[in-house]
Amino acid sequence: MNIPDIVTCVALMKQYKMLANIREHSFVVAKIAGLLGERLKQTSKMPPDLQLCISGALLHDIAKTPCLETGCDHAKTGAEICHSLGFPEIAAIVAEHVILADFNPVRYQKGVFSAPEIVYYADKRVLHDNIVSLSERFDYLLEKYSHGERQREKLIQNNLDQCKQLEKWLFSFSNLSSEALAPQAHQYELILPSV
């Protein structure tokens with residue numbers, strides 16, 4: 001596996017001109033992903049790779065800035081960028097951070113979670129740079145992206161339902177609660193180079 005370290009991730013954020021607010025969002029997502037990854041490492045028989053979770057979280061929105069200008073799909077474009085950089089595992093995380101390709105409750109019941117699932121969930125708990133509940137985050141997504149279209153509303157609602165199921169299983173194996181996530185994630189030390 002070729003996983004970029006935090007210094008490399010921050011350099012890539014700069015190289016791809018990630019806006020400051022998107023960087024801040026990504027740092028908070030990385031703290032949640034790191035915290036969950038560490039907790040699962042203590043309790044799961046098959047924990048996800050911690051560095052992969054953190055680096056994937058830092059780079060999950062690598063294409064967000066250019067896509068804000070062009071209207072491209074930032075998950076797809078970001079995955080292409082990560083592939084071109086030689087980071088296929090990161091590319092898989094970036095590709096799935098909006099919608100999971102392999103939602104698998106049977107695996108979750110066994111305490112087996114992948115890095116894409118950890119980053120997907122962490123991203124759904126961060127609105128801008130604030131840790132919020134899934135309901136708050138999805139209310140924002142409905143308001144911003146549904147445009148009153150019934151089909152989009154249904155897709156967002158289905159995504160919320162899946163995310164709530166994932167949350168239930170994640171917290172049953174991580175010795176955390178949904179309510180305790182914010183204070184513990186804020187205390188999680190993610191050693192970043194000066195940005």
Just the isolated ones, please: cysteines in the chain lacking another cysteine beta carbon under 4.7 angstrom. Cys9, Cys53, Cys82, Cys163
Do any chymotrypsin sites (Phe, Trp or Tyr not before Pro) in the range 126-195 lie in a DSSP loop with no more than 12 other beta carbon atoms within 10 Å, and if so, which? none
Evaluate the relative contact order of the range 122-193 (contact order divided by residue number), counting alpha-carbon pairs under 8 angstrom at least 6 apart; express in whole percent. 24 percent
Suppose a student asked you for the relative contact order of the range 1-134, using Cα pairs under 8 Å spaced at least 6 residues apart; what percent would you report? 32 percent
Cα shape, the range 103-195, gyration tensor, a/c 1.5 rule: oblate
Trypsin sites (Lys or Arg not before Pro) in the range 15-120 lying in a DSSP loop, each with at most 15 other Cβ atoms within 10 Å of its Cβ, come to Lys17, Lys45, Lys110
Looking only at lysines whose Cα falls under 28 Å of Lys14's and that sit 8 or more positions away or on another chain, we get Lys31, Lys64, Lys76, Lys124, Lys144
How much net charge surrounds Met1 when only the other residues with a Cβ under 13 Å from the Cβ of Met1 are counted, with Lys and Arg +1 and Asp and Glu -1? -3
Compute the semi-axes of the equivalent ellipsoid of the chain, taking the square root of 5 times each eigenvalue of the Cα gyration tensor, and list them largest first in whole Å. 23, 21, 16
Estimated [θ] at 222 nm from DSSP helical runs (n ≥ 4, -39500 (n - 2.57)) normalised by residues in the chain, nearest 500: -21000 deg cm²/dmol
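Computed from the coordinates by the stated procedures, all read-outs in this text should not be read as laboratory data. Here the structure is a predicted model, which is why all the values come from computation and not from measurement. We place every Cβ from the backbone using ideal geometry, glycine too, and count neighbours over all the protein chains shown.
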